[in-house]
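For reference, the structure discussed in these notes is given below.
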Amino acid sequence: MTNNDELNLNNQTNQNVVGSPLKRTRFIISFAYLIIQVLIPGLILYFLTSNDFTFSFHLPLWLMFVLSFALILFAIIVTLITYKCKLHQLDQFTYVVPFVFLIVGLYLSSYWLAGDYFLVRFIIGFVLAIIGIFIASLVLLLVVKKKNLKDKM
């Protein structure tokens, strides 16, 4: 392979990347929205209703599941609304979904495991975050493919 072939190959790959419909959100914007959309509501839920603290409301398990599901829906809906308002790009979903799954994992594991088992609880939350990454990536892939088909028509 000659230098010209390498140059042509690099130009072809750059053209494919430039033509990609997925744009990236700047880090500071992504971080700010992650704090607003997930971290603050998640910490409020955790401090007010977790079994880890003596000053919080001790809720039954079914209500903790309902609140966890509400947190997930809240984060996704707020992210969707801010995306539709063009405040950030589509990649924000790949950050929000795993992070909210991590918080939900830490929150729900507080029902069964005491604060002494924080490492086990963190591992549970981390596994849920990996599942969230997988789900968010698959959904994002489908949305980008649909967007590509719509742009071609």
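FYI, it's all coordinate maths here, none of it is from the lab. Because the structure is a prediction, the values reported are computed rather than measured.
Couple of notes before you dig in:
- Percent breakdown of C-alpha pair distances by 10 Å bin, ordered from the shortest bin, for the chain: 10, 31, 27, 17, 9, 4, 1, 0
- Screening the chain for whole DSSP H helices with an alpha carbon extent of at least 27 angstrom along the helix axis and a mean Kyte-Doolittle hydropathy of at least 1.0 yields 61-84, 93-112, 118-152.
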